[in-house]
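Peer 1: The following block contains the structure, expressed as structure tokens.
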Amino acid sequence: MTGMLPNVPYGADQTLYLVMDTVGPRDLKLQNPVERPDLDSVIDDLLLARFNNPVGIYAFNTLEHWTADISKNVAEEIQCRCDILGDPVPPHLKDFVANSLRERTSKR
């Protein structure tokens, strides 16, 4: 599979990032999740439109055995980078950023 990293041996201390992407309208069809070894590559790939319609981003740590939905954190970072550059959020990420930030606000 392209874009997939080899399995990490049990006990290896590594945090992996998984991008859940869909094809077509929201909730139509979930594609195979794409793994990335670091958060910067996830954000760069999102900004470069390498995903169709991202709907969730998750972090997994293989040594500490935890997982977290980091979609809101990624949306905040994208918004922050765009604000610093004085650019609007790219059209292909507007829904992801808006939905992720709205979910955070509603949970407060």
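What follows is calculated from the coordinates using simple rules that are stated; it is not laboratory data. Because the structure is a prediction, the values reported are computed rather than measured. Cβ atoms come from the backbone with ideal geometry, glycine included; neighbour counts cover every protein chain shown.
Peer 1: Enumerate the amide H contacts of residue 70 below 5 Å, restricted to partners 5 or more residues apart or on another chain; note that Pro and chain-start residues carry no placed amide H.
Peer 2: Here the answer is 57, 58, 59, since their amide H atoms fall under 5 Å of that of residue 70.
Peer 1: Run the numbers for residue 73 and residue 94: contour at 0.36 nm per residue of separation, minus the present Cα-Cα distance, in nm.
Peer 2: 6.1 nm
Peer 1: With a cap of 10 neighbouring Cβ atoms within 10 Å, and only residues DSSP puts in a loop, list the GluC sites (Glu not before Pro) found in region 51-101.
Peer 2: Loop-located and lightly packed - 64.
Peer 1: Got a sec to turn the phi values of region 56-63 into Karplus ³J(HN,Hα) couplings, 6.51 cos²θ - 1.76 cosθ + 1.60 with θ = phi - 60°, whole Hz, x for Gly and Pro?
Peer 2: Using θ = phi - 60°, the values come out as x, 10, 10, 10, 10, 10, 7, 8 Hz.
Peer 1: Between residue 39 and residue 15, what is the spin-label point distance in nm, taking each point 7 Å from the Cα along the Cα→C-beta axis?
Peer 2: 0.5
Peer 1: Please turn the phi angles of region 76-91 into ³J(HN,Hα) values with the Karplus equation 6.51 cos²θ - 1.76 cosθ + 1.60 (θ = phi - 60°), one per residue in order, whole Hz, x for glycine and proline.
Peer 2: Values, residue by residue: 5, 5, 4, 4, 5, 4, 5, 4, 4, 7, x, 9, x, 4, x, x Hz.
Peer 1: Stretched out fully, how many nm does the piece from residue 101 to residue 63 gain, at 0.36 nm a residue minus the Cα gap?
Peer 2: Stretched fully, the residue 101-residue 63 segment lengthens by 10.8 nm.
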